[in-house]
Every structure is written in C-alpha cells, then in structure tokens.
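Colleague: Have a look at the structure that comes next, please.
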Amino acid sequence: MLDLSRQYAPIHKELLEAVARVLETQHFVLGEPVATFEQLAAEQLKVAHAVGCSSGTDALWLALAAAGIGRGAAVVTTPFSFFASVSAILRAEAAATLADIDPATFNLDPKAVVSVLDSPRGAAVQAILPVHLYGQPADWSAFAAVGAERRITRIEDGAHAGGAAWDKGRRSG
C-alpha cells in the first residue's frame with residue numbers, strides 16, 4: 001500500500017553522501033549540517049529564524065513551554081494525529097482536550113474548537129494546537145481569528161506539511 005522505495009530511489013545517492021559526511025566529521029549533534037538546515041528552513045518558511053530540534057515532539061513541547069503552557073492549562077488538539085501531539089501537551093503538564101476533525105480534510109475543525117471553547121471544558125483552554133496533515137495545512141486563518149478573539153495561543157504542528165501554503169501563499173510552520 002505504501003511503497004517508500006519509490007520516494008527513496010531518486011535521492012539514494014544524496015542520502016548516502018549525507019550520512020557519510022556525518023560519519024566522517026563526527027558531527028552527530030549540531031554543527032554545520034544543523035546550521036544549514038536551520039538556514040534553509042527559515043528561507044523556506046519565509047521567517048527570520050528557524051531552530052532545529054531533535055524531534056517534532058520536542059519542538060511541540062518547547063513551543064508549549066515557551067508559551068507558558070503548563071499545569072492547570074488545557075490545550076485543544078485533534079484526535080486524528082500521531083500521539084506526539086497529545087504527548088507534548090502532557091509533557092508540559094497540561095491537559096489535552098480533543099475537538100473533532102473536518103471530515104473532508106481530516107484536519108482539526110475550527111467550528112469544533114469553538115464548540116469546545118464554549119463548553120465548560122473551554123475555561124481552562126490556553127492554547128490551540130492544530131496539526132497539518134498529508135501536506136495540507138489546517139485552516140490556520142480560522143484558528144488565528146479564534147485565538148485573537150479569545151486571547152488563546154496557537155501552536156502549529158507543521159511536521160507533515162513542510163513547504164505547504166495556505167491563504168495567499170503563507171507557509172505552514
């Protein structure tokens with residue numbers, strides 16, 4: 001059903017060369033490869049800076065921590081995602097509150113998030129964490145409007161939509 005060899009074949013040589021460079025230089029952590037990645041990611045996302053992390057899960061947790069999300073807070077996210085979304089929320093000692101997905105896109109549904117915010121569970125919500133899926137960004141413009149109106153932080157999980165764009169070419173991530 002999923003043939004990863006088709007994805008790998010055209011970049012086989014490039015990947016082997018990259019692995020060989022890492023092994024030869026012994027730059028297993030940080031170093032020039034990470035600096036290059038951060039620079040290219042910032043250019044791709046059209047932002048001033050990008051910071052590489054050891055994993056997408058760590059990136060989510062760091063974003064939650066930077067936003068001051070912790071014990072006593074709740075974060076609305078999607079039930080249709082890799083467990084890293086909820087795992088990062090729990091690691092921040094917040095509560096994961098799930099809202100339904102849009103049946104057409106499988107992304108977190110902004111209307112469902114508003115329903116959660118209007119419910120008794122909504123009082124503790126301090127952040128919304130949509131996950132872009134299958135290269136398709138969630139309706140970030142709708143989440144931005146809800147967040148601004150209700151003064152709720154938005155944290156974007158763009159791990160599955162690198163390079164994707166929405167709303168006049170704005171990049172996910």
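Taken together, the values in this text are just the output of simple stated rules run on the coordinates, not laboratory data. What you see is a predicted model; the values in this text were computed from it and never measured. Every residue, glycine among them, receives a Cβ derived from its backbone with ideal geometry; neighbour counts consider all protein chains shown.
Colleague: Would you mind checking which residues have amide H under 5 Å from Thr97's amide H? H placed 1.01 Å from N; only 5 or more apart, or other chain.
Modeller: Val75, Val76, Thr77
Colleague: Turning to a different aspect of this structure: Taking 0.36 nm per residue of sequence separation and subtracting the Cα-Cα distance, how much length would be gained by fully extending the chain between Arg21 and Glu43, in nm to one decimal? Let's see the in-between values first.
Modeller: Values: separation 22, 0.36 × 22 = 7.92 nm, distance 2.33 nm.
Net length gain for the segment: 5.6 nm.
Colleague: From the residues Ser115, Leu133, Thr97, which one has its Cα farthest along the dipole of segment 89-155 in the positive direction, the dipole being from +1 and -1 charges on Cβ of Lys/Arg and Asp/Glu about the Cα centre?
Modeller: With unit charges placed on the Cβ atoms, the residue in question is Thr97.
Colleague: Classify segment 66-120: rounded, prolate or oblate, from the alpha-carbon gyration tensor (a ≥ b ≥ c, eigenvalue square roots; a/c under 1.5 rounded; otherwise prolate if a/b is larger than b/c)? Walk me through the numbers on the way to the answer.
Modeller: Working: a/c = 2.65, a/b = 1.43, b/c = 1.86.
Since a/c reaches 1.5 but b/c is at least a/b, the shape of segment 66-120 is classed as oblate.
Colleague: Let me ask something else about it. Where both residues lie in the chain, what percent of DSSP beta bridges are antiparallel, nearest 5?
Modeller: Details: 4 of 15 bridges.
Bridges in the chain are about 25 percent antiparallel.
Colleague: In debye, nearest 20: dipole of segment 56-161 around its Cα centre with unit charges on the Cβ of K, R (+) and D, E (-)?
Modeller: On the way: 7 positive and 10 negative charges, 62 e Å.
It works out to roughly 300 debye.
Colleague: If I compute P(r) over Cα pairs in 10 Å bins from 0, in percent from the structure I just sent, which labelled value in [x] 11, 39, 35, 15, 1; [y] 10, 32, 34, 17, 7, 1; [z] 10, 35, 29, 20, 6, 0 lines up?
Modeller: [y]
Colleague: Taking the 0 to 90 degree range and rounding to the nearest ten, how far is the long axis of helix 140-150 tilted relative to the main principal axis of the chain, both from C-alpha atoms?
Modeller: For 140-150 against the chain, the angle is about 40 degrees.
Colleague: Compute the acute angle (0 to 90°) between the alpha-carbon long axis of helix 31-45 and the principal axis of greatest extent of the alpha-carbon atoms of the chain; round to the nearest 10°.
Modeller: Long axis of 31-45 versus the principal axis of the chain: about 50 degrees.
Colleague: So what is the 222 nm mean residue ellipticity for the chain from helices alone, if each DSSP H run of at least 4 adds -39500 (n - 2.57) and you divide by all residues, rounding to the nearest 500 deg cm²/dmol? Provide the component values of the computation, followed by the final result.
Modeller: Numbers: 7 runs with 73 residues, N = 173.
Taking each H run of at least 4 residues, the total per residue is -12500 deg cm²/dmol.
Colleague: Let me ask you something else. Answer with one residue from Leu16, Phe80, Ser55: the one whose Cα lies farthest towards the positive end of the charge dipole of the chain, charges on Cβ with Lys, Arg +1 and Asp, Glu -1.
Modeller: Phe80
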